[in-house]
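Here the structure is laid out as structure tokens; the discussion comes afterwards.
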Amino acid sequence: MLKKMCFIVCASLFFSWGTFAASASEMSLERFLLAVRENNPTLQASLKRLEASYHTVRATVSVQRPSAGLRGSSSYNTDDSQKRQGAYSLSAAISHRFDVSGVYPAQEKQLLLQYNALAADHLGLINNTLAAAESLYWRSFIARENSALQKEILSQRREDLRITEEKFRQQLIPRLDVVRAQARVEEAESIVVQADSAFQDTLTQLATLAGGIAVTPGAEILLVPSLSVRAGVESALITRNDVRSAELVLERARVLKTLAAKGMSPSVEGSIGYTILTDSLTPQPDQNEFLFSLNVSIPVYDGGKTREDTSEKARSIEAAERNLEARRLSVREDVLKARTQWEKAVALEASKRKQVARSDEELKITQLMYMEGMGAQIDLLNAQVDNQRVRTEHLDAIKEMYLALVSLRQAMSEYEPAPAE
């Protein structure tokens with residue numbers, strides 16, 4: 001008796017721990033999307049590339065600033081006939097390349113445009129990744145509901161089998177009815193295994209998106225969603241980050257063309273040197289003296305490089321314009337297709353809901369007639385197959401409504417706000 005009590009207690013503790021472990025990984029949609037944003041390796045890699053680009057911009061424009069340095073030299077002559085065998089010098093200098101043709105502002109602008117385009121691409125990646133994550137979340141949620149539905153149907157099949165076997169023992173029905181009922185149970189068991197496997201596959205995919213964190217959709221009541229997104233083509237063109245990126249690329253292409261046209265511009269470089277220490281006899285400023293220098297370079301001919309570079313940048317502008325046009329057409333297509341997907345899902349769910357109500361009533365009547373010996377088993381089997389089909393299709397219709405909402409949010413770039421101007 002004591003051993004039995006210990007076993008019951010241990011089993012209860014194990015069951016409680018297993019239930020806690022399972023519920024510990026349950027996540028609401030909001031928590032899951034946050035986990036994806038913070039832990040997804042692809043998003044983190046994109047963020048690091050964006051941060052690296054920021055430092056690249058700062059490093060590139062550093063040539064526009066003055067530079068300072070120290071210069072020291074020392075020499076020794078082994079010829080004893082020379083009066084001075086050693087010499088040394090130490091000097092400091094500040095040099096700067098002056099912008100006389102407006103190149104520096106254009107360089108800064110194109111670098112900033114490049115960085116902002118990368119930032120828009122990063123936001124677009126977040127939008128698409130989180131949209132894929134929410135789609136998968138609802139697929140997993142419905143997969144679990146489908147698994148529960150198939151287990152409920154299996155339970156019904158087993159109960160039908162029990163009643164059929166009882167009627168057979170009473171010699172009210174032939175052996176064939178028992179064989180048919182057993183086949184339905186085996187079929188339902190197979191469907192349960194497939195449903196459980198599909199659900200486990202979605203959990204694996206959820207964990208991959210969340211950076212390896214075990215995730216189970218939160219246990220919530222399955223509700224038919226309502227339209228909560230205002231989708232419009234013009235609004236999407238403003239909010240979509242991929243369109244914003246294409247616009248920035250086009251603007252940068254125009255700035256690069258301006259820079260290319262300045263390839264023959266003159267350059268002016270000035271420097272100030274100060275000799276700190278020296279005993280050298282070579283011509284140079286004496287100790288504690290300043291040296292001012294100004295170098296002017298005026299290109300005369302560069303072999304046609306500027307002309308060809310300008311032509312290449314002009315073609316790049318045309319390519320960027322076509323790319324922007326393609327992006328805008330793609331956004332229009334996304335919004336209109338998402339609208340159609342939602343309207344189709346709403347109509348399909350309403351139809352399937354009516355079919356489920358009709359099928360449930362038909363199955364209930366057929367089961368009652370069969371139990372009373374007033375109906376044939378084949379009618380019951382047909383009613384069961386029809387009920388299982390329409391209930392499963394109704395779940396799929398609800399899933400399509402959730403996926404249509406995700407498509408609308410993705411089309412409107414709602415998973416990530418548009419970058420600031």
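Whenever a residue of region 323-336 is open to solvent by less than 60 Å² (accessible area, probe 1.4 Å), its partners that are of a type in the set (Lys, Arg), lying with C-beta atoms within less than 7 angstrom and at least six residues away or across chains, give the pairs Val331/Arg240. Restricting attention to region 260-286 and to residues that are more than 18 Å from Leu70 (Cβ to Cβ), surrounded by fewer than 15 Cβ atoms within 10 Å (Cβ to Cβ) and out of contact with any Ser or Thr (no Cβ under 7 Å at 6 or more places or on another chain), the residue that is modelled with the lowest pLDDT turns out to be Pro283. When each of Thr366, Thr392, Thr340 is tested for being hydroxyl-bearing (Ser, Thr, Tyr) and exposed (fewer than 14 other Cβ atoms within 10 Å of the Cβ), the lone residue that passes is Thr340.
Of everything in region 198-227 that's among the polar types (S, T, N, Q) and at pLDDT 90 or above, which residue is nearest to Thr42 (Cα to Cα)?
Restricting attention to region 198-227, the residues satisfying the condition of being among the polar types (S, T, N, Q) are 200, 202, 204-205, 208, 216, 226.
Retained after the next criterion (residues that are at pLDDT 90 or above): 200, 202, 204-205, 208, 216.
On the way: Gln200: 23, Thr202: 19, Thr204: 17, Gln205: 14, Thr208: 11, Thr216: 21 Å.
Among those that are among the polar types (S, T, N, Q) and at pLDDT 90 or above, it is Thr208.
Within region 196-233, the set of residues being open to solvent by 50 Å² or more (accessible area, probe 1.4 Å) and touching an Asp or Glu at 6+ places or on another chain (Cβ under 9 Å) comprises Ala219, Val224.
Just to be sure, is Ser95 of a type outside the set (A, V, I, L, M) and either at pLDDT 90 or above or surrounded by 15 or more Cβ atoms within 10 Å (Cβ to Cβ) (or both)? Taking the combined requirement at face value, the residue satisfies it.
Pairs under 7 Å by beta carbon, first residue open to solvent by 50 Å² or more (accessible area, probe 1.4 Å) in region 167-191, partner in a loop (DSSP other than H, G, I, E, B), six or more apart or different chains? Correct list of pairs: Leu172/Gly373.
The values are calculated or read from the model by the stated rules, or taken from the named source; none is laboratory data. Just so you know, these numbers come straight off a predicted model, no measurement behind them. FYI the Cβ positions are ideal-geometry reconstructions off the backbone, even for glycines, and counts take in every protein chain you see. These area figures cover heavy atoms from the full protein model, side chains too; ligands, DNA and RNA do not enter into them. Shrake-Rupley method; radii C 1.70, N 1.55, O 1.52, S 1.80 Å.
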